[in-house]
Amino acid sequence: MNRAIYLLGIVIVFVSITIFPSCDRVGLDILEEPQVVAITEDSIFADIEYTQRLLWESYQTLPYSIMSRRAKSDGNNTPLGDNILEDITDLAHNIMIWGGAAAIYYDGTYSASVQQSSGGQSVYNFNHPAKWKAFRNCYLLIENIDRVPNADEETKKRLTAEARMIIALQYFDMYRNLGGVPWVGKAFELGEDFNIGDKGSSESFQLPRLTAAASLDSIVKYIELAEPDLPWAIPADEKAQWDGRFTRGAAVGLKVRALLFGASPLFNSDTPYKEGDAADAKLTWYGGEDRSRWQDVIEACDEFMKGNAGGDYSLVQAEGTTCEDYRSAFQKAYFNRESSEVLISVRPDYRGTLIWGGDYSNHSYHAIMGFGAGVPTDNFLRLFPMSDGTPITDPASGWDENVDPFGLEGFAPGSPDNRKYNRDPRLYESALLNGDNRGSNRSGGWWQSYSGEHVDGLNNGSSVGSNFINNGGAHGRKYYPDGWANNNRINDHWCYLRLPEIYLAYAEALAEVGRDVDAKYYLDIVRARVGLKGIDDAYEPDLSGQALIDEIIDERARELAYEDVRWYDITRRKIEEAFTGEIKNVYVFAENGSTSPKVHPTQFSYEYRPIVTNQRAWKTAFDTKYYLQAFPLNEINKQYGLVQNPGY
């Protein structure tokens, strides 16, 4: 009997397929929740419109991390279920009692059996149907595109290239979470012999993992096959219809991200991060360090810069030099889907409303943040320099952790605005802090969030309010700029990849090969957008070597926080201190005036305390096995060739 039919995570078969019927818009707008119909394979490839819709449906499966589609069976689930990925890094902490962070990571119980039973609460859900649906759809398209009678060759090539990009992105996400991947290279029909690999017969059913090196090579190959048939960027006159489709700029950007991960010490080292059968088989490392992999990253970045010589992708620049100007530019950069620096944009609902709630979510992003996901840690807040770029650790910076550390004291509605906003403008767009305005244009309600007495907007007698009071009160702000204001936006998206990540990957790789001057050039491009002076002017003595690399990683945290980057930075670089170091929250106490929400205090004191709610077992019992996730136990037990990652 063909065992493929029992394989939840792997089976890629075709009997019939459900796609979207005709609607008024063409292109990605068809992802709008219309009614669905089931049609045959012959119908799909008999007309270009149906073939396109097979691909648009596959776009729906791309990772989307702000919890507006998590409940949809055909959409990709978010990491950690009701939490956010930042919650298991040193940048943020979850104070809710539910969700994957608290339930399976903070307490140290994550395992292969937990992955099997609670995959939707984990970092990466191997068995979620979205990725396997994407593989099936995209391989069907690649294998059958030549059957479409009413499509020209250019259209066929472009659709094929986009299908390859979806496959490559899904496999890259698998690679950075699990190491060597089980590569399925075609769509299988029900009953067909399903035997990939060189062991056994079709009856024994083999689908072994590729080595870590072969997995990366395969991902890069698929990207490079796609590149020539994609436009560098969506032309201006096509944006209204086709914005959001893969471009060559997106393809090269994804290649940079993949090569950077592959060049990093997790896989590219003289020793495996943890011994075990998977390490022996080179599934979780390359078997040695190859410094030329950093040059591969540089060459991919060079390719991007050459392709972008016309400036199709550019950083969103401030229209002035005030903190407000810099904050506004930074917010537009990631939050607006039409931002000039977005390389890969994932949209849950292309023109619809109610993307935060209704049929799209069990727990919407803004509600989860309000309950206590993504609470910024003091560790994170201290990464931000002063507004001129001087690190707060420099005695000449004037920063004092006990005296107005965020530059927000001295203001109450109706009185002069004495707030200094004397820190890196990105701090105020990443963390919602006591004393700031909470509206997206910073003209809305004043935000009170201080410990012991009051958190504005919450019922402080509730468990939610008590949690914030007992844990400092700061909130995450990224992708949540309006506080509790109307979040039913039609323009939101998940920015999977944007231009600053390319600049900072370039800087990191250049620093790794000793080209410090060139590395600082690209680091300074990112800093300048928010008004920070160059890195050599900010630090005395000048940074070099590992100190420069560390600063680049910190800059990635400042620029890309809450964008699902930090977790992969601390794992790929094996930053154990991010797991075992002391994580603290900042506590703010009113020192004058009433703690009533109607009488605003203007002066505060500050304390920096270790986290209280949901303490992390990692602090004293960290295991390097957590650098990669586990395959579900039931998939290992099916004995089709998966070797479990070390430690699980």
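Couple of notes before you dig in:
- Residues in region 523-567 that a label on MET305 would reach, taking backbone N under 14 Å of a point 7 Å out along Cα→Cβ: 523-526
- Label-point gap, in nm, between VAL612 and ASP536 - each point 7 angstrom along Cα→Cβ: 4.8 nm
- Peptides ranked, highest mean first, by Cβ atoms within 10 Å: ranges 495-507, 544-556, 302-314, 261-273: 495-507, 261-273, 544-556, 302-314
- Region 556-648 shape via C-alpha gyration tensor axes, a/c threshold 1.5: prolate
- Taking label positions 7 Å along the Cα-Cβ direction at both THR271 and LYS420, the computed distance is 4.6 nm, reported to one decimal.
- At full extension, TRP242 and GLU154 could sit 30.1 nm farther apart than now, given 0.36 nm per residue minus the alpha carbon distance.
- Residue-span extension gain [VAL517 to ASP47] - 0.36 nm each, minus C-alpha spacing: 163.8 nm
- Here the calculated FRET efficiency for SER397 and THR602, from their Cβ-Cβ distance with R0 = 22 Å, stands at 0.40, rounded to the nearest 0.05.
- Amide H contacts of TYR587: GLU607, TYR608, ARG609, each under 5 Å away and 5 or more positions distant or on a separate chain (H built 1.01 Å from N in the peptide plane; Pro and chain starts excluded).
- Under the simplified labelling scheme, the ALA412-ALA214 pair shows an inter-label distance of 7.0 nm, with each label point 7 Å from Cα along Cα→Cβ.
- Taking 0.36 nm per residue of sequence separation and removing the Cα-Cα distance, the ASP388/ASP554 pair yields an extension gain of 58.1 nm.
Read-outs throughout are calculated quantities, based only on the coordinates presented, and are distinct from any laboratory measurement. None of the values given here were measured: they were computed from a predicted structure. Cβ coordinates were reconstructed from backbone atoms using ideal geometry, including for glycine residues, and neighbour counts include every protein chain displayed.
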